[in-house]
Amino acid sequence: MSTNIIAIVGRPNVGKSTLFNRLVGRRQAIMDNESGVTRDRSYGHGDWTGKYFTVIDTGGYVHGSDDIFEGEINKQVELAIKEADVILFMVDVEAGVTSLDEEFANVLRRTDKPIYVVANKADTNARAHQMGEFYALGLGIDIFPISSQSGSGTGDLLDEVVKHFKTEGTEDPDVGVPRLAVLGRPNVGKSSFVNLLLGVERNIVTDIAGTTRDAIDSRYNAFGKEFIIVDTAGLRRKSKVSEDIEFYSVMRSVRALEDADVCIVMLDATRGVESQDVNIITLAEKNRKGIVILVNKWDLVEKDTHSTKHFEEAILKAIAPIKYVPIIFTSVSTKQRVHKAIETAMEVYEQKTRKIATSKLNDKILPEIERYPPPSMKGKFIKIKYVTQLPTHNPTFAFFCNLPQYIKEPYTRYLENTIRKHFGFEGVPIKVLFKKK
């Protein structure tokens, strides 16, 4: 994690996620009038007057409520406070000082880090004048009236905050770092998998489907490589998405898929391959992402010598014609093959960004074409002269020939399989184009 870290903390429903989105410059965190929308801590990046920083959004601090997530949310808040260089304690001028504000102020007194009391919803001068009562919290004289909705007052706040930061803060440290998105239906073990990899309780885990709502980014370093691993909300069918918050959670997960380089798609071994699993894999393939399939909870399945083979066959049949995806059988609870899963995802990323020299391609592929040339069409023979890999973000190969319009889908698949036979590209969609020469 970088230096220059701002943590936004406070009780539920004071506007923390709205301010977070404003500071990072996009709608990254889910916002809703219902309290408790944010549960895990989310990270984003922003800059002000040339100083770059990381922002942490946290769940609302609560005490003595009926919310079963209360203890876990509070633990995430305390972790954010430990990580931060500067703390923004957010309160609501409309509601005034509440008992929860006073209780949380006592928690913050234990830290010696700079704290700014941010009085939100100060949309008018009259409301801004109400901020005086927050001096009673005893957290110093720095109280800033703002409106996270309109942005008023946030400039003055940031002017003060960045004084604590190093001048050499770097631009968004995530730029150019490979992204792995962990996707799947609700309750397949995505957050447990990410927490096990990171070695910390980065994300809240319960047996309740839908615990994770936002897509949560974490830095991960293994095998000498650095990645961003993204835990996502469970993706379920549209007909099953009933509440607004869950709808936006699903949208965040889809966006995490679109932003990813490699998608780790988790299946529940006890439930087999379901239609939503196929939908997620198909969506990843459509977006030309690297794909690794993780069959989790493998320890809970009764097995014989052919169980793995039969399960693999069932998956490949369900996702046909996709045949190039590695399948790893894991158990997060027993830590079985978890690091093998991430090692495979890294290998898929390497394959996705791999460039093959034109001479090597032609040395291997042209003899195969000579042995099995494209079928003639309308009495005309198709002659493929050479092949080259295009300088695109995903593996794309251009075959130059005399009659590109006559090459049909079966021969295109043959060429793709031939490329895979000689050069691998496991877990990566390949695009084959034909150009006139």
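The values are calculated or read from the model by the stated rules, or taken from the named source; none is laboratory data. What you are looking at is a predicted structure, and each value in this text was computed from that prediction instead of being measured. Positions of Cβ are generated from backbone atoms using ideal geometry, with glycine treated the same way; all protein chains shown enter the neighbour counts. Note: areas computed on protein heavy atoms with side chains; ligands, DNA, RNA excluded. Shrake-Rupley method; radii C 1.70, N 1.55, O 1.52, S 1.80 Å.
Considering only the range 329-355, how many residues are open to solvent by less than 60 Å² (accessible area, probe 1.4 Å) and not β-branched (V, I, T)?
Adding up the residues that qualify gives 8.
Quick check on the range 388-437: of everything there that is among the small types (G, A, S) and either outside any strand (DSSP E or B) or closer than 16 Å to M377 by Cα (or both), which residue is modelled with the highest pLDDT?
My answer is G427.
I'd like the full set of residues that are basic (K, R) and surrounded by 19 or more Cβ atoms within 10 Å (Cβ to Cβ), limited to the range 106-130.
Matches in the range 106-130: K121 only.
Go over the candidates E160, E72, E103, E133 one by one and state the one that is at pLDDT below 80 and either assigned to a helix (DSSP H, G or I) or exposed (fewer than 14 other Cβ atoms within 10 Å of the Cβ) (or both).
Answer to the selection: E72.
Is it true that V250 is modelled with pLDDT of 65 or more and either crowded, with 21+ Cβ neighbours inside 10 Å or assigned to a helix (DSSP H, G or I) (or both)? Let's see the steps before the verdict.
Numbers: modelled with pLDDT of 65 or more: no; either crowded, with 21+ Cβ neighbours inside 10 Å or assigned to a helix (DSSP H, G or I) (or both): yes.
Answer is no for this residue.
For (1) surrounded by fewer than 20 Cβ atoms within 10 Å (Cβ to Cβ); (2) modelled with pLDDT of 55 or more; (3) in contact with a strand residue (DSSP E or B) (Cβ under 6 Å, 6 or more places away or on another chain), each residue gets a yes or a no:
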{"residue": "V14", "(1), (2), (3)": "no, yes, yes"}
{"residue": "T18", "(1), (2), (3)": "no, yes, no"}
{"residue": "R22", "(1), (2), (3)": "no, yes, no"}
{"residue": "R26", "(1), (2), (3)": "yes, yes, no"}
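Does P404 satisfy the condition of being open to solvent by 10 Å² or more (accessible area, probe 1.4 Å), more than 37 Å from the chain's Cα centre (by Cα), over 30 Å from N187 (Cβ atoms) and not acidic (D, E)?
Values: open to solvent by 10 Å² or more (accessible area, probe 1.4 Å): yes; more than 37 Å from the chain's Cα centre (by Cα): yes; over 30 Å from N187 (Cβ atoms): yes; not acidic (D, E): yes.
The answer is yes for P404.
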